[in-house]
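Participant: Submitted below is the structure of interest, expressed as structure tokens.
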Amino acid sequence: MFTLRPLRWARRNLLLIVTAAVVMCSLLGTGALVFSAADDEDALREAETAAAELGPTVFGLSAQVHDVVSRGSLGATDLATNGGIDRRAGAAAERLQELWPQPAAIAVEMQTARVAAMSYRSLELIGEGRVPAARRLASRRLNPATASLNRSIDLTRAELHHEVATTRRSAQLGSLAITGGVGILLVAVMIGVSIARRRHAGAEAEERALRHSERRLNALVRHGSDMITVLSPEMTILYEAGAVRAMLGYEPEELEGTKLAGWLHPDDAPVLSSLAAGADGGGPARELRLRHRDGSLRTCEARATSLLGDDLWNGIVVNIWDISERKALEERLRHQAFHDGLTGLANRALFGDRLEHALVRGARAQRPVSVFLVDLDDFKSVNDSLGHAAGDRLLGEIARRIGETMRAADTIARLGGDEFAVIVDDSGSEEDDRGAAERILAAVAQPVELEGRVLPITASVGVARSVPGQTSAEQLVRDADLAMYAAKGDGKGRWTAFRSEMHVATEERLQLKSDLALAVRAGDQFELFYQPLVALDAGSVVGLEALLRWNHPSRGRLEPEEFLPLAEETGAIVPIGRWVLEESCRQGRAWVDGSGKGLMISVNVSARQLSSPGLTQDVRAALARSGLPPE
């Protein structure tokens, strides 16, 4: 623990440690260079001093020899003086050579020794009385040697002076170079440290951002609604993340290492294989059913992406999300779209679809399909007297009774209002249809208790059978509808099977409605006949009853019972009644004018006219225009 921390600190601060070491070494080197240069400079300056001392010594030696030679006699102290000067000169030359062991110093030392020897020899010749020889030696050899020595001394001093300056300059340049190098190194280190710190700070910021991003991503994955699964090529779960617990009730590590097929509905195994096979192309999402920990199945959608070439995973990433709620909602919407909200039975759309399929199957198997249309009799009176809530409860009860009466394979639908329909897919015979219709009537006819009242309920049932391969769904429903209306027309509370003449009668009725509308607009196809009212005691006509006939363009004269019910149904009775009033008053006025006697004219008025608010105005207008006396 205590050894790792310094090592980590040293690794983090390696650049600073190296820089400090280089600076210390540079400072030590600079000091050593300065001290060395100072020692060299001191030695050169001592050598320069020795050379400076040597010059006067050589001059004194030359002057002493010249004086003795000029006198031509040797004094008692001349040899001793000469010897002392020689020794000083030799010592100076030797010191110069020691301090500055250069060829010039060696040459000066040798020249000094030679000059000293020649000066001593000149003094010896004077002592021996050989003055001319001494003078020749002095003039020919000593003086040139002395002059050469002085020149050598001057050159040596100059060279020493130059070398002192060079040494000082070299030391200064070296110090400056080392100091500059250290400075440059420090600047470089500072720049490097700054760059390293910025990079380190950037790396730390990037690492913090990466860690933050990873935490955010992990949080999103953990709290997201998707389950992320990585599969090996053998469909083994390598990694699980995301909403595993929320979707399947397991912790991710519980599923890792297992086969995903073990959590699938067996029928979805081919879907998983297909999904994995299409992972390279990024195929569409596919539905899978996964088993929850509690044993229930969750409907999910999954999309696969191949990472088989990735060094990190080498697997297939499958994103899975739960769509169970969406599927349940879709199922509810689908049920609402095809089922009646009040009774739960099939609605008109689903009824039509199932009838189409039943007819196709019937045509293939050559079996007829029967349709029963059930319409409650006088249902409006229940709504009007007890309210729509009671009417809805009654419809729910009737739906339940019909459902209990029919087979599970039969389709029961509520087409709207109080009208129900039943499809018998494999109708055996007409007797079977009769039995089914009578069971329906019997079930409906059971009294129903509503709002504290026991109500008798009846229904009218119309039955139609298909001709395999020939009858369409629309035609079969139309035929059953005609039969149901025929049952109502026969007195209600009964069933009627469709007969072909019903269709003919319906078409005739429809055509007659159309012709009646044209006749009302034309106004010239109706005719009035007048039946006299005779007083039996007097045998005289006391009044007339107007009787209406319709001169149909193709069917001839029609009696009132043939067209008045249609006029009542369509509302044409009001304009027809107005025409009858107008024509009766006009004809009555003509008879009054012709006979001079008053007549009573009776005009039949329908219930539709009586309920019309304009009847009084119509009578008043007819009397006014015709001039017939109201009495």
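Participant: Tell me the per residue accessible area of the chain using a 1.4 Å probe; a whole number in Å² is fine.
Facilitator: With the other protein chains kept in place, the chain gives 57 Å² per residue.
Participant: Now a separate question. I want the antiparallel fraction of DSSP beta bridges within the chain, as a percent rounded to 5.
Facilitator: Working: 62 of 70 bridges.
Here the antiparallel bridges make up roughly 90 percent for the chain.
Participant: Relative to the first principal axis of the alpha-carbon coordinates of the chain, what is the inclination of helix 143-223, with its axis defined by its Cα atoms, in degrees from 0 to 90 and to the nearest 10?
Facilitator: Helix 143-223 sits roughly 20 degrees off the main axis of the chain.
Participant: Percent of accessible area on the chain owned by carbon and sulfur, 1.4 Å probe? Show your work: numbers first, answer last.
Facilitator: Details: 20040 of 35750 Å².
Exposed carbon and sulfur together represent 56 percent of the surface.
Participant: Then there is this: Name the residue farthest towards the positive end of the dipole of the stretch 159-204 from the options Val182, Ser194, Val164, assuming +1 on Cβ of Lys and Arg, -1 on Cβ of Asp and Glu, about the Cα centre.
Facilitator: Toward the positive end, the furthest listed residue is Ser194.
Participant: Hey, another quick one. Compute the orientation-averaged projected area for the chain from the convex hull of its Cα atoms and round it to one decimal in nm².
Facilitator: Values: hull surface 302.2 nm².
Over every viewing direction, the Cα hull of the chain projects on average to 75.5 nm².
Participant: Right, something else. Have a look at the DSSP beta bridges in the stretch 521-621 and tell me what percent are antiparallel, nearest 5.
Facilitator: 75
Participant: Further, regarding this structure: Run the reach check for Lys492 against aspartates and glutamates, Cα to Cα strictly under 16 Å, same-chain hits fewer than 8 apart removed. What comes back?
Facilitator: Candidates past the 8-residue exclusion: Asp375, Asp377, Asp378, Asp418, Glu419, Glu438, Asp481.
Participant: Let me ask something additional. What do you get for the angle between helix 14-71 and the principal long axis of the chain? Use alpha-carbon atoms, 0 to 90 degrees, nearest ten.
Facilitator: 20
Participant: Here's a follow-up. From Cα pairs below 8 angstrom and at least 6 apart in sequence, can you work out the relative contact order of the chain, rounded to a whole percent?
Facilitator: Working: 839 pairs, mean separation 42.4, N = 631.
Relative contact order, the chain: 7 percent.
Participant: Normalise the Cα radius of gyration of the stretch 395-447 by 2.2 N^0.38 Å (N = residues in it) and let me know the number.
Facilitator: Cα Rg divided by the expected 2.2 N^0.38 Å: 1.10.
Participant: Considering only Met247, Val131, Ala621, whose Cα is most displaced toward the positive end of the charge dipole of the chain, charges sitting on Cβ of Lys, Arg (+1) and Asp, Glu (-1)?
Facilitator: Of the listed residues, the answer is Val131.
Participant: Turning to a different aspect of this structure: Return one number: the angle in degrees, 0 to 90 and rounded to the nearest 10, between the long axis of the Cα atoms of helix 560-570 and the longest principal axis of the Cα atoms of the chain.
Facilitator: 30
Participant: Would you work out the Kirkwood radius for the stretch 561-630? I mean one over the mean of 1/r across all pairs of different Cα atoms, in Å. Before the final figure, lay out each step's value.
Facilitator: Values: mean 1/r = 0.0776 Å⁻¹.
Result for the stretch 561-630, one decimal place: 12.9 Å.
Participant: Which of the trypsin sites (Lys or Arg not before Pro) found in the stretch 547-628 are loop residues per DSSP with 13 or fewer other Cβ atoms within 10 Å of their Cβ?
Facilitator: Passing both the DSSP loop test and the Cβ count: Lys597.
Participant: For the stretch 313-430, max minus min Cα coordinate along each principal axis, in Å, sorted largest first?
Facilitator: 75, 45, 21
The values are calculated or read from the model by the stated rules, or taken from the named source; none is laboratory data. Everything numeric in this text was worked out from a predicted model, so none of it was measured. With ideal geometry, Cβ positions are generated from the backbone for all residues, glycine too; neighbour counts draw on all protein chains shown. Heads up: the accessible areas ignore ligands, DNA and RNA and are worked out on the full protein's heavy atoms, side chains in. Shrake-Rupley method; radii C 1.70, N 1.55, O 1.52, S 1.80 Å.
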